[in-house]
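**Q** Sharing a structure below in structure tokens format, with a few things to ask.
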Amino acid sequence: MAMKFNHAQKVTMAHAITDLLAAHEVDTREDLHTWLDHQANRAALRRVKGVGPKSIGCIGNLVGRSHVAVDVHLRAFAVEAGVPDLPYDQVRAVYEEGAVLIGHDKGALEHAVWRHRAKAA
């Protein structure tokens, strides 16, 4: 799969993430899945310029974890649903708690909302 980056900083960030994972001997999807279990490792990812909680959520989803990665689509949907403009972690918690209430996987709920909003945009 080819990655299409529109900004040189994203290429730099991808290289930095790759270097970090190689330094920690994270070689496979399963290695990365397990590596993300540790807060210290997620903190190391956050130290890469350009990596925030959304990036970590997206990476987690790519390796089979169930995360909510809040982006503009999820924020817009939340606002339409009456959720005030909240900090990232609180918006993520709203989605996670909502998923529990309706008995749905949080990552799948995130994906469904993202697809719905992306089609509307």
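**Q** Hey, any idea what the orientation-averaged projected area of the convex hull of segment 1-63's Cα atoms comes to, in nm²?
**A** Details: hull surface 17.0 nm².
Result: a mean projected hull area of 4.2 nm².
**Q** Accessible area per residue of the chain at 1.4 Å probe, in Å²?
**A** So the chain comes to 66 Å² accessible per residue, rounded to a whole number.
**Q** Taking the chain, how many lysine pairs are there with alpha carbons less than 26 Å apart, if each pair must be eight or more places apart or span two chains?
**A** So the count of such lysine pairs works out to 9.
**Q** Express in whole angstrom the spacing between the alpha-carbon centres of segment 67-81 and segment 18-52.
**A** Each part reduced to its Cα centre gives a spacing of 25 Å.
**Q** Of all accessible surface on the chain at a 1.4 Å probe, what whole percent is carbon and sulfur?
**A** Working: 4580 of 8030 Å².
Taking all protein chains in place, the chain shows 57 percent carbon and sulfur surface.
**Q** Grab the beta carbon distance between A93 and H38, set R0 = 30 Å, and tell me the FRET efficiency rounded to 0.05.
**A** Working: r = 21 Å, r/R0 = 0.71.
That pair, A93 with H38, gives E of 0.90.
**Q** In nm², what is the average projected area of the convex hull enclosing the Cα atoms of the chain?
**A** Directional mean of the projected Cα hull area for the chain stands at 8.5 nm².
The values are calculated or read from the model by the stated rules, or taken from the named source; none is laboratory data. Keep in mind that what you see is a predicted model, and the values were worked out from it rather than measured. Note that we place each Cβ from the backbone using ideal geometry, even for glycine, and neighbour counts take in every protein chain shown. All accessible areas refer to the heavy atoms of the entire protein, side chains included, with ligands and DNA or RNA removed. Shrake-Rupley method; radii C 1.70, N 1.55, O 1.52, S 1.80 Å.
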